[in-house]
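The values are calculated or read from the model by the stated rules, or taken from the named source; none is laboratory data. It should be emphasised that the depicted structure is a prediction, and the values quoted were computed from it without experimental measurement. A quick note on method: Cβ atoms are made from the backbone with ideal geometry, for glycine too, and the neighbour counts reach across all protein chains shown.
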Amino acid sequence: MRLRNWIAVVVSVLLLAAAGVIGFLVNRSALRAADTVHRADSSALGSNNGTLTGQFQVNSVAELAEVLSEHALHLAADSDADRATLIAAAQKSSTFQYGLMITDLNGKVLTASRDTGLPPAGDAAWAPLFTQLKAGRMGFSGVMSVDGATLAAVAVPVMVGDAPAAFLIGLNEVATTSLQSYFARLAADTHQTLVVDSTGTVGAASVKNLIGTDIDPALKPSLGGSGVRFVEYTAGDTRMIAIVYGGLPSGWSYMRTQTKSSFDGAVHSRSQTLNLTLGAMLLIGVAGISVLGYRTQVQRRRADERFQALFQHAPDLVSVLDGKGRIVFSSPSAHAVLGFPTGTMKGHTVFELLHPEDEPKMRERLTALLSDPDGVLRLQCRARSAEGDYRWFDFTASNQMHNPSLEGVVINARDISENRAFQERLEHEAQHDPLTGLPNRRRMQDALGSTLCSDSVAVLFVDLDGFKPVNDAHGHEVGDELLRQVADRLSACIRSGDVLSRVGGDEFVLLMPGVTGDDAESMSGRLRYVLELPFRIAGQEIRIGASIGVHVAPVAEDPDTALRAADHAMYTIKHAGGGRGSRDEASWVGRHRAEA
């Protein structure tokens, strides 16, 4: 009997030990899979935010380029004309309200929009800007401090012929930029989001007080380079981790820092708890099979409850697919993210939820993933919600078919609809006039060049007669409203395939693919007619006219030549008295010269 009891005890201990070993292995495998997904997801987030930061910086360069495209600079020392241009551009700018200046190729200031508050020429933060400019790239300085203001500079070359003759430099107060406003919205208790220059000085941060300070010295060796890197270090007695993205065009770096414990989250904490529990169960194995079985069931139930609690309020959607793409598990967050009640997605294929345009790509990539035992898939596509609308998601799929605890493909999906919408809005703003919503000069030139590759284009250059007196007499608000109404009237006259753009203050260009000279003249007359009708603005009746130059560009004509011809035709009409005073004579002369 005693021997039998000892055998039972030994068997109990062995069974418990075997169960404990299996539990350790399963826990470690699940933890490894969760860490893989979490790191991949964090890396994607860092890359997306870093790319978005780079877009902010590129947009600031585009603003300087726009100043050069709209104004001819004299480039003389202390030029009053250049100073007036810089002051007006700074007041108009959304980025460089602090000031603009022109320097020679050695960095000596020729003209500036302000007399004081300029960073000294000897500041080391200028070095990367001039290094980048000399290498033929757009220039970005480091962070500089002047009279209590934290500044950064952006520069583009001023070209004379094919060679740079000077540099146009914009100064922005980093604490007031749109990039800083975006980072302020990223503020969270668990982490800090930063953009730092090449020396480690903070230029934008989710915590505004960090602007102008230096990052932890342990992070400085990770600056520069490209791609996303994870850096673990110690701040005092606290273990930290940073996600560093160094692919910004400015030579700056994006980083997100937080404690290692907050990064690892509850998964590691629960894993350690489970390991301790299994160890304790080994020590009490002598209590018998019954106690062992009872405690095992209790622990399993509690582990399931913890697992469900972890995913109940998770912002990401976690699913497990079988080899045919059917959903065998979906986290409770499916209800919060997509609106599907918990458990209703089980048994359906993931392809039923995808947008028809994205389904073939997902099938192809998922098939390739199943053939790679250690493969990880990353892609962005649209998924349908319970209400029938489609949202953009960032999918990360890991092949865990060989993992006995999962035996499927683990998918982690994060809703990125807001980020996509923000990026699309940035792209739209870069190609459209903010006042009228019409395509801007850059988009019009792209459309003209593309169309001339295969078709002729009638180019109508429209310049308003009498707009400046209206602006001077009634103010800029009335002038802006007049331009908006002009854009609406012109838009109502054109065909669906035509391109109407605003290319200057009161100048518009209409592109009419495949149109002959007679049709273009007819359209010119129609535009003059609608613009000569009175406008009602702020209770006042305002009348203007228009000088319209017409040029029919044949296939393969140079786009710049076509625009100059239409512009020249317009100025001929303008000098002859404008669209009202000498309509017949100017139209004939403009058409004759444009088609010559």
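Among the numbered criteria (1) surrounded by fewer than 18 Cβ atoms within 10 Å (Cβ to Cβ); (2) touching a residue at least 60 places away in the same chain (Cβ under 8 Å), which one does N412 miss? With (1) surrounded by fewer than 18 Cβ atoms within 10 Å (Cβ to Cβ); (2) touching a residue at least 60 places away in the same chain (Cβ under 8 Å) applied to N412, the lone miss is (1). Got at least one residue in region 146-155 being over 30 Å from the mean Cα position of the chain (by Cα), surrounded by fewer than 20 Cβ atoms within 10 Å (Cβ to Cβ), without any contact (Cβ under 8 Å) to a residue 40 or more places away in the chain and farther than 30 Å from K208 by Cβ? Scanning region 146-155, I find no residue that is over 30 Å from the mean Cα position of the chain (by Cα), surrounded by fewer than 20 Cβ atoms within 10 Å (Cβ to Cβ), without any contact (Cβ under 8 Å) to a residue 40 or more places away in the chain and farther than 30 Å from K208 by Cβ, so the answer is no.
Is there a residue being surrounded by 15 or more Cβ atoms within 10 Å (Cβ to Cβ), of a type in the set (G, A, S) and more than 26 Å from G265 (Cα to Cα) anywhere in region 209-220? Yes.
Against the definition (in contact (Cβ under 8 Å) with a residue 12 or more places away in the chain, in contact with a strand residue (DSSP E or B) (Cβ under 8 Å, 6 or more places away or on another chain), in a helix (DSSP H, G or I) and outside the structural domain of R441 (by TED's automatic domain parsing)), how does G54 come out, yes or no? Criteria not met by G54. For region 119-132, a residue qualifies if it is modelled with pLDDT of 90 or more and either assigned to a strand (DSSP E or B) or closer than 19 Å to A77 by Cα (or both), and the qualifying residues are P119, P120.
Contact annotation: no residue pair with Cβ atoms under 8 Å, 6 or more positions apart or on different chains, pairs a residue in region 560-571 that is farther than 11 Å from S547 by Cβ and not assigned by TED's automatic domain parsing to the domain that holds T451 with a partner that is surrounded by fewer than 24 Cβ atoms within 10 Å (Cβ to Cβ) and at pLDDT below 90. Out of all the residues in region 456-466, is one or more under 32 Å from the mean Cα position of the chain (by Cα) and surrounded by 15 or more Cβ atoms within 10 Å (Cβ to Cβ)? No.
Being of a type in the set (D, E) and farther than 24 Å from A33 by Cα narrows it down to one of E352, E364, so name that one.
One residue alone meets the criteria, E352.
No other residue among S29, S94, S43, S79 is under 19 Å from P157 (Cα atoms) and in contact (Cβ under 8 Å) with a residue 24 or more places away in the chain apart from S79. The condition of being modelled with pLDDT of 90 or more and of a type in the set (V, I, T) holds for only one of V509, V515, that being V509. If only residues of region 414-455 that are within 25 Å of F508 (Cα to Cα) and among the hydroxyl-bearing types (S, T, Y) are counted, the one that is nearest to the chain's Cα centre (by Cα) is T436. Taken over region 348-390, the criterion of being without any contact (Cβ under 8 Å) to a residue 24 or more places away in the chain and among the hydroxyl-bearing types (S, T, Y) is satisfied by T367, S371. Report whether or not L86 is surrounded by 18 or more Cβ atoms within 10 Å (Cβ to Cβ), at pLDDT 85 or above, of a type outside the set (S, T, Y) and touching a strand residue (DSSP E or B) at 6+ places or on another chain (Cβ under 7 Å). Judged against the criteria, L86 is a match. When region 520-536 is examined, which residues are found to be farther than 22 Å from T436 by Cβ, exposed (fewer than 14 other Cβ atoms within 10 Å of the Cβ) and charged (D, E, K, R)? Passing the criteria: none in range.
Give me the helices (runs of 4 or more DSSP H) completely within region 286-387, filtered to those with at least 1 residues that are at pLDDT 70 or above and over 23 Å from E418 (Cβ atoms), ordered by residue number. Break it down into steps so the answer makes sense when it comes.
Working: elements: 289-312, 333-338, 359-370.
Counting at least 1 such residues, we get 289-312, 359-370.
Here F393 passes the criteria (1) free of Cβ contacts under 8 Å to residues at least 60 places away in the same chain; (2) farther than 30 Å from A553 by Cα; (3) not in a loop (DSSP other than H, G, I, E, B) except the one numbered (1).
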